[in-house]
Amino acid sequence: MEMEKVGLRVRESMIVVAEKQKYVQRLRSEKENAEKYIELNEKLKTHKASLIKKRFETAAEKIEGIEKEIKDRTSAMEEKSQLFEDKEKDLENREKMMKKVDEEIMQNYLGGKPVSADKIKNAIRKGTIDIAITPVRRPRSDMAW
């Protein structure tokens with residue numbers, strides 16, 4: 001009987017030990033899962049940070065591209081503006097020259113000096129373009145009206 005009691009106790013102890021071993025195994029498994037969770041969570045944070053960095057770099061590149069395009073367009077506009085200003089100055093200089101030519105023709109005519117045909121043609125052309133004069137062609141004597 002005593003032997004039976006001891007055997008019964010040994011079996012009960014073995015059952016308790018087996019249950020505790022199962023419990024310890026579950027705890028180890030939970031610990032491994034928790035460690036994997038922590039590791040994966042850290043990787044997730046790293047990947048999120050990498051993604052944010054990549055998006056930031058891409059946005060910075062786009063901004064640099066836009067700034068370069070703005071700079072190029074501004075430069076092109078400044079060049080065109082300068083070209084326009086140069087053309088305006090040329091036009092003003094031509095107008096001054098034509099006025100001078102007109103005055104020169106008048107001075108020569110009034111002074112009895114000869115006036116070249118080219119100067120007269122240029123003055124007529126300028127006056128026609130400026131709509132200051134309307135040249136009329138003299139009809140030939142043999143044409144019937």
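In this structure, Arg9 does satisfy being at pLDDT below 95 and over 36 Å from the mean Cα position of the chain (by Cα).
Quick check on Asp102: is it within 30 Å of Ile129 (Cβ to Cβ) and assigned to a helix (DSSP H, G or I)? Criteria met by Asp102. In the range 104-129, the residues that are among the small types (Gly, Ala, Ser) reach residues that are part of a helix (DSSP H, G or I) and at pLDDT below 80 with C-beta atoms within less than 7 angstrom, at least six apart or across chains, in these pairs: Ala123/Val101; Ala123/Asp102; Ala123/Ile105.
Only residues that are of a type in the set (Lys, Arg) and under 8 Å from the mean Cα position of the chain (by Cα): list them for the range 63-82, please.
Step one: list which residues in the range 63-82 are of a type in the set (Lys, Arg), which gives 68, 71, 73, 80.
Once the filter is applied, which keeps residues that are of a type in the set (Lys, Arg) and under 8 Å from the mean Cα position of the chain (by Cα), the range 63-82 yields only Lys68.
The values are calculated or read from the model by the stated rules, or taken from the named source; none is laboratory data. In this text the structure is predicted, and so the values were computed from the model without any measurement. Quick reminder, even Gly has a Cβ in these numbers, built from the backbone with ideal geometry, and neighbours come from all protein chains shown.
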